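Below you'll find the structure, written out as C-alpha cells, and then a few comments.
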Amino acid sequence: MTEKRVRFSNSEDVENFVNAAGQCDFEIDILYDHIYIDAKSFLGVLGLGLKKDLKVQYFGENAKFENALKHYAVA
C-alpha cells in the first residue's frame, strides 16, 4: 500500500484526478478524517470538499497515475 497527501483547488482538478484513477486496475481510496471514498467516484471525491488535505491510499502501480498525483501533492 502507498499513501500520498493531495489537495484539489477546483472541480477540474478532481475530474482530472478521477479520470487518472479510473485508468488503474487496482483499488484507490481517499481518506479525510475517518471517511473513506472510492477515488474513482467524481461526486464522492468532490463531496469531501476542495482545498483540504486528503490522503490517497492505493494498492498497485501505474506510472500515469503517479504522474497525475504529482500535480496535486502536498508536501
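Bear in mind that the values in this text are calculations on the coordinates, not laboratory data. Source: prediction; values computed, not measured. In this analysis, Cβ positions are derived from the backbone assuming ideal geometry, glycine residues included, and neighbour counts consider all displayed protein chains.
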**Asked** For residue 52 and residue 23 in one chain, what is 0.36 nm times their gap in residues minus the Cα-Cα distance, to one decimal in nm?
**Response** 8.0 nm
**Asked** List the aspartates and glutamates whose alpha-carbon lies under 13 Å from that of residue 64, not counting same-chain residues fewer than 8 positions away?
**Response** 25
**Request:** Would you please give the residues with an amide H less than 5 Å from that of residue 27, counting only those at least 5 places away or on a separate chain, with H modeled from the backbone geometry?
**Result:** 59
**Request:** Restricting things to alpha carbons, find the Rg to Rh ratio for the chain using the Kirkwood radius for Rh.
**Result:** 0.90
**Request:** Please sort by residue number the GluC sites (Glu not before Pro) in the chain whose DSSP state is loop and whose Cβ has at most 15 other Cβ atoms within 10 Å.
**Result:** 27, 61
**Fill in**
For the stretch 13-55 the trypsin sites (Lys or Arg not before Pro) that pass both the DSSP coil test and the at-most-12 other-Cβ-within-10 Å test are 51, 52
**Complete:** Loop-resident chymotrypsin sites (Phe, Trp or Tyr not before Pro) in the stretch 1-59 with no more than 14 other Cβ atoms inside 10 Å, DSSP not H/G/I/E/B, are 26, 59
**Sequence-distant lysines (8 or more away, or on other chains) whose Cα lies within less than 18 Å of residue 55** = 4, 40, 70
**Which of 71, 34 has the fewest Cβ neighbours within 10 Å, and the rest in rising order** = 34, 71
**Asked** Taking every DSSP beta bridge that has both residues in the chain, what percent is antiparallel when rounded to the nearest 5?
**Response** 100
**Fill in**
Rounded to one decimal in nm, the spacing of the 7 Å Cα→Cβ label points at residue 38 and residue 70 is 2.9
**Message:** Using Cα-Cα distances under 8 Å and only pairs 6 or more residues apart, what relative contact order does the chain have, in percent?
**Reply:** 48
**Request:** Read phi for every residue in the stretch 64-75 and hand back ³J(HN,Hα) as whole Hz from Karplus 6.51 cos²θ - 1.76 cosθ + 1.60, θ = phi - 60°, with x for Gly and Pro.
**Result:** 5, 5, 4, 5, 5, 4, 4, 5, 10, 5, 10, 5
